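Heads up, the thing below is written out as structure tokens.
The values are calculated or read from the model by the stated rules, or taken from the named source; none is laboratory data. Only a predicted model underlies this, so the values are computations on that prediction, with no experimental measurement involved. Don't worry about glycine lacking a Cβ; one is built from the backbone with ideal geometry, like all the others, and counts go over all protein chains shown. Please note that ligands, DNA and RNA were not included when accessible areas were found on the heavy atoms of the full protein model with its side chains. Shrake-Rupley method; radii C 1.70, N 1.55, O 1.52, S 1.80 Å.
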Amino acid sequence: MVGERKPICRTYLMCPPRFFRVEYVINPWMDTTVPVDADLAVKQWERLRETLVELGHTVHVLDPDPALPDMVFAANGAFTVDGVAYGARFRHPQRSAEAVAHRAFYAGHGWSHTEPVEINEGEGDFAYLPGKGLVLAGYGFRTAPPAHAEAAETLSRPVVSLRLTDPRFYHLDTALAAIDDHTIAYYPAAFSEPSQRVLRQLFPDAVLADETDALDFGLNLVSDGRHVVLNSDATGLAAKLSAAGFTPVPVELSELKKGGGSVKCCVAELRS
Ligand code: ARG
């Protein structure tokens, strides 16, 4: 029996895709020969922002930098737990300056902000399950394994390391999402066999996604514990979430998919 799912008001950080372009290739979704409609990207992003506000959440907006075409993917700038922001350090030089803009935001908003030594891409590779007091962390493509220990020290939370093995799902947030304080949805085949066993052990009640759900970027979602905002292509995953008692809220983000991201990539959660 599924009880009533309770939404929790959240605070988010987003950055408009005014200068979004695909001008380099750092993941298998990016193709510099495919044209991007930047105006449409802004419209779709604006709709996503409005959707979150209509659901009762607070959205802070970071100023985009014309020299940083991937800056719309705000989730990569840091990972926050209980008022502490563990800053990002990007793997690719094309994105490294984004960390500076995020650091300025946290410093200006009174956060305790920690500079990382290790390579890590913020919420792209970290998820928090407050009900379990656990951080889940991905590695294999972007975030370096030593960053998991650094995050544990910085945030005083146990960190469970999970190895990503499919380059299409290069960040944890393309293959796994927290849908409430205790529950995750994930695509098992994106992880190594041992990591799949860890996930089965920790989350026997997870919502399991299939390859189509993952390729539709369905797992790259933002949930408040009841409403699950996700890419409108991901109708299969939306049905699975409904069956589990959640309320899917589809949004179109076709342009940003060309950069290899969707809903979650655009939204950093600020956990104060
Ligand atoms: N083009 C960006 C990159 O490859 C996309 C980042 C997507 N962000 C995310 N949180 N998965 O770095």
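For the reader, a short list of remarks on this structure follows.
- Restricted to region 130-229, the set of strands (runs of 3 or more DSSP E) holding at least 3 residues that are buried (at least 17 other Cβ atoms within 10 Å of the Cβ) and out of contact with any Lys or Arg (no Cβ under 8 Å at 6 or more places or on another chain) comprises 159-163.
Yes/no per residue for (1) within 14 Å of the ligand (Cβ to nearest atom); (2) free of Cβ contacts under 8 Å to residues at least 40 places away in the same chain; (3) of a type in the set (Gly, Ala, Ser):
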| residue | (1), (2), (3) |
| --- | --- |
| Ser96 | yes, yes, yes |
| His102 | yes, no, no |
| Val117 | no, yes, no |
| Pro130 | no, no, no |
| Ala137 | yes, yes, yes |
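- Count of region 56-96 residues, restricted to those that are assigned to a loop (DSSP other than H, G, I, E, B) and open to solvent by less than 50 Å² (accessible area, probe 1.4 Å), is 14.
- Any hit, region 45-52, residues being among the hydrophobic types (A, V, I, L, M, F, W, C) and assigned to a loop (DSSP other than H, G, I, E, B): no
- Look at (1) within 15 Å of the ligand (Cβ to nearest atom); (2) touching a helix residue (DSSP H, G or I) at 6+ places or on another chain (Cβ under 8 Å); (3) farther than 24 Å from Ala127 by Cβ and you find that Arg18 fails only one, number (1).
- Hits in region 231-261 (condition: closer than 24 Å to Phe191 by Cβ, in contact with a strand residue (DSSP E or B) (Cβ under 6 Å, 6 or more places away or on another chain) and without any contact (Cβ under 8 Å) to a residue 60 or more places away in the chain): Ala238, Lys240, Pro248
- Scope region 245-270; condition more than 15 Å from the ligand (Cβ to nearest atom) and among the β-branched types (Val, Ile, Thr); matching residues: Thr247, Val249, Val251
- Breaking point among (1) aliphatic (A, V, I, L, M); (2) at pLDDT 95 or above; (3) open to solvent by less than 70 Å² (accessible area, probe 1.4 Å); (4) more than 11 Å from the ligand (Cβ to nearest atom), for Ala38: (2)
- Only one of the numbered conditions (1) among the hydrophobic types (A, V, I, L, M, F, W, C); (2) in contact with a helix residue (DSSP H, G or I) (Cβ under 9 Å, 6 or more places away or on another chain); (3) within 16 Å of the ligand (Cβ to nearest atom) is not met by Val160, and that is (3).
- Qualifying residue in region 182-203 (condition: charged (D, E, K, R), more than 23 Å from Asn27 (Cβ to Cβ) and in contact with a Gly (Cβ under 7 Å, 6 or more places away or on another chain)): no
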